[in-house]
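For reference, the structure is listed below as structure tokens.
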Amino acid sequence: MPPIVVKPPTLQALWRSLPSFGGARRYLAGGTDLVAGANAAPAGVKARPKGGSFDRTEVWVDISGLKELRGIKETKTSLMIGAGAKIAELEASPLVRRWLPVLSAAIPHFASPSLRNMATIGGNAANASPCADAVCALCAEKAQVLLEFKGKRRKLALPALFKGPKKTVLRKDELIVAFEVPKWKHSGAYLKLGPRSYFGISKAAVAAALEMDGEKVRSVCIALASVAPVPLLAVKTANYLCGRMLNEENARTAAALVKTEVSPITDVRSEAGYRREMCGVLLERALNSIASGVSGIN
Ligand SMILES: Cc1cc2nc3c(=O)[nH]c(=O)nc-3n(C[C@H](O)[C@H](O)[C@H](O)COP(=O)(O)OP(=O)(O)OC[C@H]3O[C@@H](n4cnc5c(N)ncnc54)[C@H](O)[C@@H]3O)c2cc1C
């Protein structure tokens with residue numbers, strides 16, 4: 001039996017009506033993960049006859065119409081990206097292009113144009129895949145994530161959202177409402193190694209954001225996808241680069257260091273040793289491309 005889909009018109013209506021939706025409920029945004037997952041292993045009904053009838057039907061709470069989750073806004077210090085923003089909206093946004101070079105570089109690697117028209121940034125995070133491209137890029141952009149439950153909000157650094165593959169710290173019914181991404185003067189790169197140039201889940205991906213102070217690195221954030229149980233921040237490597245010249249020698253040392261920070265696995269998509277090696281290769285390329293001004297600079 002397919003799930004029941006309900007569509008509250010506003011966030012307030014959602015919080016009001018949530019208890020009436022039954023126990024097994026999930027949010028539905030673009031549906032590109034949820035529906036694909038349900039088709040692969042139908043989750044529709046946990047059949048538990050009680051008094052001769054089913055007592056537990058999964059309810060999908062469609063949040064795609066919630067205005068409160070939409071839009072990309074600029075404040076003095078940050079961009080506020082609604083969790084319901086589609087990847088295609090981010091792609092078309094002059095604000096994203098202006099302030100978020102890593103995310104801008106990642107989007108062309110995200111699935112296909114038709115998928116990007118459906119998939120949301122909130123769904124990319126809530127799905128908690130270690131391969132999530134937009135999430136990895138946002139981690140390098142130093143994003144925070146805003147969560148809400150019945151009007152009460154909390155804010156976390158984005159990497160703190162993830163506990164493991166497909167596991168987050170989201171509490172029952174807690175909703176991702178937005179991402180707050182600081183505006184800082186940086187350059188960025190996103191390099192993804194997949195089965196082909198575009199359209200495919202990554203074997204490894206590297207997101208790098210760098211702010212320069214003359215010839216030296218003032219601030220740097222490096223995130224990696226598909227090489228750990230969660231989107232990973234390479235803190236040791238970033239600390240090494242901070243305050244140093246952005247040259248080929250330091251890029252090479254950083255590449256060696258990043259290989260000690262990742263913990264890839266062997267699976268159907270790739271082999272652990274190859275993934276580890278490619279993290280170094282991708283990071284070195286990313287740093288050299290930023291140094292040569294190839295990547296977007298604010
Ligand atoms: C063919 C194909 C190719 C893909 N390629 C890529 C790719 O290259 N890169 C990549 O990163 N991903 C890829 N994906 C995965 C997918 O498109 C993304 O993860 C997408 O961003 C999910 O967003 P959605 O709006 O479709 O989420 P949904 O499918 O609607 O939801 C996903 C999960 O998140 C929960 N959820 C959604 N929104 C919220 C919210 N605001 N708060 C709390 N929970 C929420 C849902 O309950 C569900 O558990 C691909 C998927 C497919 C089918």
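Here Ala128 does not fit the description of being under 16 Å from the mean Cα position of the chain (by Cα) and under 23 Å from Val217 (Cα atoms). Scanning segment 229-249 for residues that are surrounded by 21 or more Cβ atoms within 10 Å (Cβ to Cβ) and under 14 Å from Leu283 (Cβ atoms) gives Leu232, Leu233, Ala234, Thr237, Ala238, Leu241. Note on segment 199-210: residues that are open to solvent by less than 40 Å² (accessible area, probe 1.4 Å) and either more than 11 Å from the ligand (Cβ to nearest atom) or farther than 23 Å from Leu158 by Cα (or both) total 7. Taking the criterion of being away from the ligand (no atom under 13 Å from the Cβ), at pLDDT below 85 and surrounded by 12 or more Cβ atoms within 10 Å (Cβ to Cβ), the residues of segment 3-46 that qualify are Gly22, Gly23, Pro42, Gly44, Val45, Lys46. Once segment 71-110 is narrowed to residues that are part of a loop (DSSP other than H, G, I, E, B) and over 19 Å from Arg26 (Cα atoms), the residue that is nearest to the ligand (Cβ to nearest atom) is Phe110.
Taken together, Arg196, Arg116 contain a single residue that is over 26 Å from Leu28 (Cα atoms), within 14 Å of the ligand (Cβ to nearest atom) and not aliphatic (A, V, I, L, M), which is Arg196.
The values are calculated or read from the model by the stated rules, or taken from the named source; none is laboratory data. The structure presented is a predicted model; accordingly, all values stated were derived computationally and were not measured. Cβ sites come from the backbone with ideal geometry, for glycine too, and all protein chains shown count toward neighbours. What goes into the accessible areas is simple: the full protein's heavy atoms, side chains included, and nothing from ligands, DNA or RNA. Shrake-Rupley method; radii C 1.70, N 1.55, O 1.52, S 1.80 Å.
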